[in-house]
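Encoded as structure tokens, the structure appears first; notes follow it.
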2 protein chains.
Amino acid sequence: MPPTDLSVEASRAGLAESVHRVSCAVVTSDDRLLASSGDPEYRTWWRSGAKPLQAIPLVEDGAADRFGLSSEELALACASHSSEPVHIEVIDSFLSKVGIEESHLACGTHTPLSTAMAHLAVRGTLTPTARWSNCSGKHAGMLALAKHHGWPLEGYQRAEHPVQRRILEEICRWTGLPASDIGLGVDGCTAVCFALPIRRMALAFARLGLSSDPAPKRLCGAMIAHPMLVAGTARLCTDLMVAWPGHVIVKVGAEGIYCAAVPALRIGIALKVEDGDMTSAPLALLEALHQVLTRLDPTLAGELPLAQLGRHRAQPIRNTRSEVTGERRATGNLRFYDS
Amino acid sequence: MPPTDLSVEASRAGLAESVHRVSCAVVTSDDRLLASSGDPEYRTWWRSGAKPLQAIPLVEDGAADRFGLSSEELALACASHSSEPVHIEVIDSFLSKVGIEESHLACGTHTPLSTAMAHLAVRGTLTPTARWSNCSGKHAGMLALAKHHGWPLEGYQRAEHPVQRRILEEICRWTGLPASDIGLGVDGCTAVCFALPIRRMALAFARLGLSSDPAPKRLCGAMIAHPMLVAGTARLCTDLMVAWPGHVIVKVGAEGIYCAAVPALRIGIALKVEDGDMTSAPLALLEALHQVLTRLDPTLAGELPLAQLGRHRAQPIRNTRSEVTGERRATGNLRFYDS
């Protein structure tokens with residue numbers, strides 16, 4: 001890796017202790033590579049970074065209108081939420097409008113992403129069932145799509161089911177890849193997940209952010225209107241869309257994936273922390289966004305409220321006595337290409 | 001990184017999803033580099049990998065004899081323990097023999113490394129105080145050394161205290177480095193930690209495993225005799241020294257450090273998972289050990305009970321429905337040099 005590449009370093013007494021390498025692609029909506037770090041053609045799993053695209057058929061095919069889904073419920077369909085009370089409220093109304101039960105959700109259970117909720121779960125005050133899954137909105141959307149089309153509800157999460165075939169069409173459309181070039185796997189939540197180059201993920205986000213089609217416009221609008229529903233307390237997806245409303249659409253994915261669209265610049269950004277570190281991914285995304293804005297539109301860069309996003313810029317590393325022993329922050333630079 | 005280097009990969013549906021690069025050095029007790037991965041001169045923090053060396057003055061200066069420390073207590077002085085009941089029993093007798101209180105321990109508190117104990121802590125059934133720190137044995141040893149020499153107990157963990165100066169002498173002696181070449185930082189537990197090339201960590205372990213001096217012999221013997229006290233349930237340090245008694249001395253360190261001595265081969269091994277991933281470090285150490293044994297002594301390699309250590313060889317990755325979606329395992333190879 002040349003020294004200029006983007007990475008996130010955890011240092012101790014000024015010496016880098018752990019280094020998280022970042023592959024990143026910054027792409028225009030007409031598929032020009034503007035900037036990169038590491039390998040912009042890095043082929044990996046999109047995981048939850050794909051959720052806004054996976055939600056498109058829900059709106060485009062008429063299911064969202066048919067069931068009267070609100071913009072809150074559409075935001076949750078695109079979310080990796082933290083299982084906070086506000087998320088459970090929305091999933092409950094979502095299930096109720098579609099007329100499905102929690103037992104229809106194929107997503108299993110996991111420790112909530114919210115530390116507070118996770119502690120309640122360990123204490124037995126809360127039993128996280130399928131509704132509490134960070135992916136419950138995506139699954140409710142898939143079930144709504146199946147019900148709308150009269151497809152079986154059973155097995156909606158599996159690659160051979162019409163719901164997943166319909167979603168794959170959409171993934172192909174936005175990434176510009178034939179289905180044969182997209183790897184299929186089983187995600188943490190049991191639904192299909194997709195393997196493709198991060199450059200194509202960035203392209204899909206660039207297109208998503210600019211699209212004038214009603215379905216993507218409505219979904220992006222829902223994410224922008226309800227950042228808290230897209231992720232949760234103290235998470236970058238939420239904090240960035242709250243701090244800089246309307247300028248950016250951001251979505252995290254498991255194992256170090258982060259995607260963003262900046263419609264004003266007609267670009268998408270996708271990155272993968274190569275080792276999958278989830279603590280590093282938000283720091284890398286915010287640094288990449290900052291560098292891209294600074295290079296392409298210094299005025300807009302000046303409007304990015306970095307001060308409000310301090311916790312996602314640099315994090316002190318503290319020991320068991322709360323003494324600061326080091327720091328975690330992004331370092332290195334994107335390579336920019338002539339445009 | 002050439003394709004042959006050692007790494008740990010988490011794959012999904014056959015495609016590597018997250019990759020953890022490993023720098024490793026295999027060194028003889030007379031400082032010949034036998035094998036490596038990545039950069040054997042990689043300079044990083046030794047963290048708890050240094051504990052067996054940090055414990056040497058405790059024995060060598062006569063404190064262990066003066067306070068009548070048992071081999072269990074010496075094993076705990078070298079440990080990063082999991083805060084299981086057996087560890088708390090030993091730290092209690094250790095403190096009592098030295099005549100110090102828990103309040104003397106400068107190590108702060110943290111969530112126990114044992115998941116079972118961590119859950120008790122979240123539930124409020126257990127309040128992890130300083131005794132429960134994974135480093136409590138090291139700290140008790142440092143206090144015993146201070147008391148034995150008549151040095152102040154206060155501030156024993158700081159670089160300027162005679163305890164830490166005495167330990168630094170020992171770190172210099174075993175690594176062959178002058179103090180000016182060893183970086184000093186504050187560890188997670190507030191004590192001094194050391195930055196140096198991993199090759200020197202491997203050299204120190206090679207020498208440690210072979211030494212006929214009474215202090216290192218007694219400490220290595222204690223670790224070999226009480227593997228459960230060195231780490232805890234289901235951890236590689238414990239499992240490997242239980243499964244292959246007397247053949248190997250192994251010690252983990254935070255942020256992806258693992259060190260081992262194989263006295264029969266007169267070697268030490270030190271590795272750093274570059275991104276600090278603690279799940280990958282044991283898989284990398286066991287794979288490196290297996291490759292070294294296979295190359296240097298196939299007969300001995302045949303005796304390494306890999307079947308008993310399956311959980312440290314490959315780990316299925318399961319989703320929220322317990323379906324296997326991928327696997328975590330070490331891949332790549334050490335480079336061997338003519339010897």
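Bear in mind these aren't lab numbers, they're just calculated from the coordinates by the rules spelled out. Quantities reported herein were computed from a predicted structural model and do not represent experimental measurements. Virtual Cβ from ideal backbone geometry, glycine too; neighbours counted across all protein chains shown.
With a cut-off of 20 Å, note down the residues of segment A:57-96 whose backbone N falls inside the zone around a label point 7 Å from the Cα of A:R123 toward its beta carbon. In segment A:57-96, the label zone of A:R123 (backbone N under 20 Å from the point 7 Å along Cα→Cβ) covers A:82-89.
With q set to 0.10, 0.11, 0.15, 0.20 Å⁻¹, the log10 of I(q)/I(0) for segment B:135-294, from the Debye formula over equal scatterers at the Cα positions, is -0.37, -0.45, -0.87, -1.53.
The smallest convex shape that holds all Cα atoms of segment A:28-129, its convex hull, gives 162 Å³ per residue. Here segment A:65-84 is scanned for amide nitrogen atoms under 12 Å from the site 7 Å beyond the Cα of A:A116 along Cα-to-Cβ, giving A:83-84. Distances over 23 Å make up what percent of all Cα-Cα pairs in segment A:222-339? Pairs farther apart than 23 Å: 29 percent. Volume of the convex hull of segment B:40-199 (Cα atoms only), normalised per residue: 109 Å³. Each Lys and Arg contributes +1 and each Asp and Glu -1, all at the Cβ; summed about the Cα centre of segment A:139-188, the dipole is approximately 140 debye.
Each copy carries a label point for A:T4 at 7 Å from Cα along the beta-carbon vector; from one copy to the others these points are 3.2 nm apart, nearest first. With both labels modelled 7 Å from their Cα along Cα-to-Cβ, the A:A13 to B:S180 distance reads 1.7 nm. Kirkwood hydrodynamic radius computed over segment B:69-125 comes to 12.3 Å, based on all pairs of distinct alpha carbons. Counting neighbouring Cβ atoms within 10 Å and putting the fewest first, the residues A:K51, B:K138, A:K217 line up as A:K217, A:K51, B:K138.
Principal axis analysis of the Cα atoms in the protein assembly as shown yields extents of 81, 53, 52 Å, listed in decreasing size. The other copies place their A:D65 label points at 9.0 nm from this one, listed shortest first, where each point is 7 Å from Cα along Cα→Cβ. At an R0 of 60 angstrom, the distance between the Cβ atoms of B:A159 and A:D61 translates into a FRET efficiency of 0.35. By other beta-carbon atoms within 10 Å, ranking A:E17, B:E169 with the fewest at the front produces B:E169, A:E17. Taking the protein assembly as shown as the region of interest, the number of lysine pairs whose Cα atoms are within less than 12 Å, with members eight or more places apart or on different chains, is 6.
By the Cβ-Cβ criterion of under 4.7 Å, the unpaired cysteines of chain A are A:C24, A:C78, A:C172, A:C193, A:C220, A:C237, A:C259.
Taking only alpha carbon atoms, segment B:259-311 gives an Rg to Rh ratio of 0.98, where Rh is the Kirkwood radius. Taking a span of 15 Å or more along the helix axis (Cα atoms) and a mean Kyte-Doolittle hydropathy of at least -0.5 as the rule, the DSSP H helices of chain B that qualify are B:85-98, B:136-149, B:198-210, B:214-225, B:280-296.
Were the residues from A:R173 through A:H149 laid out at 0.36 nm apart, the gain over their Cα-Cα distance would be 6.6 nm.
Computed from the C-beta positions of A:T294 and B:Q308 and an R0 of 45 Å, the FRET efficiency is 0.25 to the nearest 0.05. In segment A:98-159, the C-alpha radius of gyration followed by the widest Cα-Cα span (Dmax) gives 13.4, 42 angstrom. Ranked for footprinting exposure by Cβ neighbours inside 10 Å, fewest first, A:L283, A:L334 give A:L334, A:L283.
Over chain A, DSSP H runs of length four or greater, each weighted -39,500 (n - 2.57), average out per residue to a 222 nm ellipticity of -11000 deg cm²/dmol.
For the pair A:D31 and A:F336, label points projected 7 Å from Cα toward Cβ lie 2.5 nm apart. Our analysis of segment A:163-219 gives Rg over Rh at 0.98, with the two radii drawn from alpha carbon positions and Rh computed by the Kirkwood formula.
Placing one equal scatterer on every Cα of chain B and applying the Debye formula, the log10 ratio I(q)/I(0) at q = 0.12 Å⁻¹ is -0.81.
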